[in-house]
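Single-structure report; data block below.
The values are calculated or read from the model by the stated rules, or taken from the named source; none is laboratory data. Since the structure is predicted, the reported quantities are computational estimates derived from the model, not experimental observations. Quick reminder, even Gly has a Cβ in these numbers, built from the backbone with ideal geometry, and neighbours come from all protein chains shown.
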Amino acid sequence: MLRTLREDERLDWRKHLNKVIHAYNCSKHESTGYSPFFLFFGRHPVLPVDLILPRNISPDEEARKPYTQYVAEWKDRMETAYKYASQNARKNAQKGKQHYDAKGYGTIILDNGDHVLVRNLLEKGGPGKLRPYWEQDIYVVVNRPMEDLPVYDVQKFDGRGKVRRLHRSLLLPCNSLPLEQETIKPVRPKKKRKRLLLRKIYLYQL
């Protein structure tokens with residue numbers, strides 16, 4: 001949501017962070033069907049636009065209600081909201097899972113013995129943009145526990161380590177890669193002779 005700020009406001013985005021958070025909490029979320037403000041307080045927020053547009057119930061009418069009536073209505077609203085929010089969240093989670101599984105990862109089915117690379121999810125090898133996308137070790141598919149799910153059991157090619165159960169999206173077939181990796185010696189930068197010569201002359205003059 002910070003991208004919606006103007007170009008001059010983005011330079012000092014921390015100053016506008018409270019406004020963005022308020023807009024986020026007052027917006028209805030697609031996953032639950034309710035805004036976080038409503039799920040937390042049991043009522044819709046009063047926004048500046050409500051001073052212009054008519055509302056169904058004014059704050060004064062809410063304040064004139066008896067305490068017991070207000071609490072009972074608030075309790076019913078919260079129970080109904082949490083009930084439907086949970087149903088909508090489960091429905092959207094299932095829809096997201098089906099979309100994720102049908103994204104194309106299951107089009108190439110892996111067989112036992114296939115060589116694969118595993119997605120590098122560890123915080124090793126530098127920051128996220130510099131970290132290798134795949135782990136260096138080559139794994140072998142040893143089992144597919146569930147035929148209706150794109151999940152595989154893999155183990156390192158040399159047999160070391162435990163068997164890992166991973167989703168198809170984290171595996172990259174690599175049957176054409178060599179099993180033995182070439183050891184590349186690090187190349188040391190050559191020293192610049194001119195700089196060393198000038199340094200020697202400077203020290204000699206001292």
- Query: modelled with pLDDT under 90 and surrounded by 13 or more Cβ atoms within 10 Å (Cβ to Cβ): does that describe V20?
  - Reply: yes
Of the residues in region 93-109, those that are out of contact with any helix residue (DSSP H, G or I) (no Cβ under 7 Å at 6 or more places or on another chain) and either modelled with pLDDT of 90 or more or assigned to a loop (DSSP other than H, G, I, E, B) (or both) come to A102, K103, G104, T107, I108, I109
Of the residues in region 23-45 that are surrounded by 14 or more Cβ atoms within 10 Å (Cβ to Cβ) and either acidic (D, E) or in contact with a Pro (Cβ under 6 Å, 6 or more places away or on another chain) (or both), the one that is nearest to A85 (Cα to Cα) is F37
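Among the residues of region 141-158, which ones are in a strand (DSSP E or B) and in contact with an Asp or Glu (Cβ under 8 Å, 6 or more places away or on another chain)?
Step one: filter region 141-158 for residues in a strand (DSSP E or B), giving 141-143, 151-156.
Selection gives V141, V142, N143, K156.
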Being at pLDDT 85 or above, more than 30 Å from R10 (Cα to Cα) and not in a loop (DSSP other than H, G, I, E, B), is that true of even one residue in region 44-67?
-> no
Condition set part of a loop (DSSP other than H, G, I, E, B) and in contact with a Leu (Cβ under 9 Å, 6 or more places away or on another chain), scope region 159-187, selection modelled with the highest pLDDT: answer is C174
